[in-house]
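Reviewing the structure listed below.
The values are calculated or read from the model by the stated rules, or taken from the named source; none is laboratory data. Bear in mind the structure is a predicted one, so any value in this text is a computation, not a measurement. Because the Cβ atoms are built from the backbone with ideal geometry, glycine has one as well, and the counts that use them run over all protein chains shown. Heads up: the accessible areas ignore ligands, DNA and RNA and are worked out on the full protein's heavy atoms, side chains in. Shrake-Rupley method; radii C 1.70, N 1.55, O 1.52, S 1.80 Å.
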Amino acid sequence: GKKLGYTFNHRNLHNISLGQGQEVVAEQALDLAAKEGHWVILQNIHLVAKWLGSLEKQLEQHSKGSHRDFRVFLSAEPAPCPESHIIPQGILENSIKITSEAPTGMHANLHKALDNFSQDTLEMCSQEKEFRSILFALCYFHAVVAERRKFGPQGWNRPYPFSTGDLTISVNVLYNYLQASSKVPYDDLCYLVGEIMYGGHITDDWDRRLCKTYLEEFIKPEMLEGELCLAPGFPLPGSMDYNGYHQYIDDALPPESPYLYGLHPNAEIGFLTQRSERLLHTLLELQPRDSSTGHGAVGTQEEMVQALLEEMLEKLTDEFNMAELMARVEERTPYAVVALQECERMNALTAEMRRSLAELELGLKGELTMTSDMETLQNSLFLGTVPESWVKRSYPSTASLGSWFADLLARISELEAWTRDFSLPSTLWLGGFFNPQSILTAIMQTTARKNRWSLDKMTLQCDVTKKSREDFASAPREGAYVHGLFMEGARWDVQVGTIMEARLKELTPAMPVVFIKAISDDKQDTRGLYPCPLYKTRQRGPTYVWTFNLKTKENPSKWVLAGVALLLQI
């Protein structure tokens, strides 16, 4: 084993972890094992995609004439998407496949987390009561962060590979701290677990806030006084033995629901709806496209696409005349600059749409040879998805093609109205911008110039009005009125003027008009406010725009755990 450089755990077993230039070592081990009848374990084959073709050929060579005891075991992490399915078909067809499914639901996840420990673990610390209480809270925390992924972007902005190793190391840290100190260092534990053990995986600031908030709610002095509930109807248990904790989970844990994660039941409706939409879209992709689909069919794929592209070309307006618009601008104010930039971006998008649609039309008529790009566009139009070449020049959107095109025409109308005289509209449709940050920055720039303030010492103040778009006839003297915002995870109570619990089945209620103005940092009061992230779409993550502070009578941590956010599109 030493000569070849691989781990030699047993005289008949070769265990090799791939990914760091171990491919040659693996090939040598396979040749030796095939002759001697050894077993070979190749771990992490997903890390060596280019080498898998060579592995397939080598296994095929050894399938005949090798020792009868020769065995090969391969392991890989699950692929995140179909495009990442890299294991060759020959290997899959000639192997016995075993998958290890992660537990689903809070009940299974909590038992699984507790299974990493034993009665000996519970008895090893001198501060037994504190150690057992915090260990159980950490198990619940681990189960929550692992299972919260199923709720999509409302659960976590990005998926993270939390593992049992994070939990066991956190418990080791807990043990070391309690052994070294008579007092429980709650803040230190929350920081180490939230920022390092689990936080080391987290790349999004809002997800980091969520992780930190969970720990602050689960690990605090009240937990030793019997006053802490990990979830509604699920108090933190007192000091028990190992089997007692498992029995407590079976007896006391409420039925599976979003409440166990701090979320509203609407979160489950949302993620089940999205899962159903993906299933239906996959079924749509499987249907025949080259001929009529049976009795009552509208027509062939070509006929349907031809009708759609003719309709689109007819409805698309002319591009904005940038030279004329620039000549009409009397003063290049921050607002005027934003309007011109938006027109330029819209021109780039509509020009590509006209070009590609006109090209496809000629291809369908037989006047041009159909290229792969034209076929891709044709398939997108048939399936009702936004073509890739348009997406590259467009704004983030999760809408189907029909809704996306109607939205595009509405955006063009807004720009046409704004550029007639370049005066700020009475209310701005913030979701209608390619770059919403630009208009929010323009609000700050305009105020900074007027008051001679430093831009880096300013912030935006958000006041939610009680009015709708139709109630405003003109823009304010300072700042801007904004409409078209939606709230996910909660709702805005117009009468009380605060964030309130969402109503069942109202997934994204509309917000009233919001008044946004720039103020200096020292005038900002964050008491009784929830820092609410604003995103362009329900995908959240990279579509982040700004943070608006919204009034709340509840503890802001409630809305953090509920994944409350403002959206520009739904």
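The table for this structure:
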quantity	calculated
Average accessible surface area per residue within the range 299-423, 1.4 Å rolling probe, Å²	51
Where K523, K64, K467 fall by accessible area, highest first, once all protein chains stay in place (1.4 Å)	K64, K523, K467
Cleavage-rule hits, trypsin sites (Lys or Arg not before Pro), the range 389-423, DSSP coil, Cβ neighbours within 10 Å at most 10	K392, R420
Dipole moment magnitude, nearest 20 debye, the chain about Cα centre, only Lys, Arg, Asp, Glu C-beta charged	820
Gained length - E36 relative to E227, 0.36 nm times residue gap less alpha-carbon distance	62.4 nm
Reach of K466 by Cα under 15 Å, taken over aspartates and glutamates that are not fewer than 8 positions away in the same chain	D493
Solvent-accessible surface (1.4 angstrom probe) belonging to M322, in square angstrom, nearest 10	40
Rounded accessible area of M124 (nearest 10 Å², 1.4 Å probe)	80
Contact order relative to length of the chain, as percent, for alpha carbon pairs under 8 angstrom and 6 or more apart	10
Unit charges at the beta carbon, dipole of the range 51-138: most positive-side option, M106, L74, G90	G90
The range 181-268: trypsin sites (Lys or Arg not before Pro) falling in loop per DSSP and having at most 16 other Cβ within 10 Å	K183
Built amide H within the under 5 Å cut-off of M370, gap 5+	none
Convex hull volume per residue in cubic angstrom - Cα atoms of the range 299-423	110
Hits among lysines - C-alpha to C-alpha of K365 under 24 Å, sequence gap 8 or more where chains match	K315
Under-5 Å amide H pairs with F73, H placed in peptide plane, nonlocal only	V40, I41, L42
Computed over the range 299-423: relative contact order in percent, which uses C-alpha pairs under 8 Å that are six or more apart	31
Solvent exposure, largest accessible area first (probe 1.4 Å, DNA, RNA and ligands not counted), of T213, T385	T385, T213
Accessible-area value, E414, 1.4 Å probe, nucleic acids and ligands omitted, Å²	60
Computed P(r) (all Cα pairs; the range 425-569; 10 Å bins; percent)	11, 41, 37, 9, 0
Dimensionless Rg over Rh [the range 106-265; C-alpha; Kirkwood]	0.93
Accessible-area ranking of K50, K112, K57, largest first, probe 1.4 Å	K50, K57, K112
Peptide ranges 155-168, 499-512 listed from the most packed, as the mean C-beta count within 10 angstrom indicates	155-168, 499-512
Charge-dipole axis of the chain as Lys and Arg at +1 and Asp and Glu at -1 on Cβ define it, positive-most pick from L284, Y160, H201	H201
Net dipole in debye of the range 320-467 [+1 Lys, Arg Cβ; -1 Asp, Glu Cβ; about Cα centre; nearest 20]	720
Residue-normalised accessible area of the range 52-195, expressed per residue, 1.4 Å probe, Å²	55
Entries of K392/K536; K150/K536; K112/K150; K212/K517 with Cα pairs more than 19 Å apart	K150/K536; K212/K517
Part-to-part distance (alpha-carbon centres) for the range 200-269 and the range 92-156, which is given in Å	12
Relative frequency of Cα-Cα separations exceeding 22 Å in the range 54-127, percent	54
Distant alpha-carbon pairs in the chain (separation over 34 angstrom), percent	58
Among 372-380, 273-281, 126-134, the order from most to least packed when residues are scored by Cβ within 10 Å on average	126-134, 372-380, 273-281
Gain on full stretching of the segment that runs from A76 to H201 - 0.36 nm per residue minus C-alpha separation	43.0 nm
Share, in percent, of DSSP beta bridges within the chain that are antiparallel, nearest 5	70
Farthest toward positive dipole pole in the range 380-432 [+1 Lys/Arg, -1 Asp/Glu at C-beta], among A406, L424, V386	V386
Percent carbon-and-sulfur accessible area, the chain, ignoring ligands, DNA and RNA, probe 1.4 Å	50
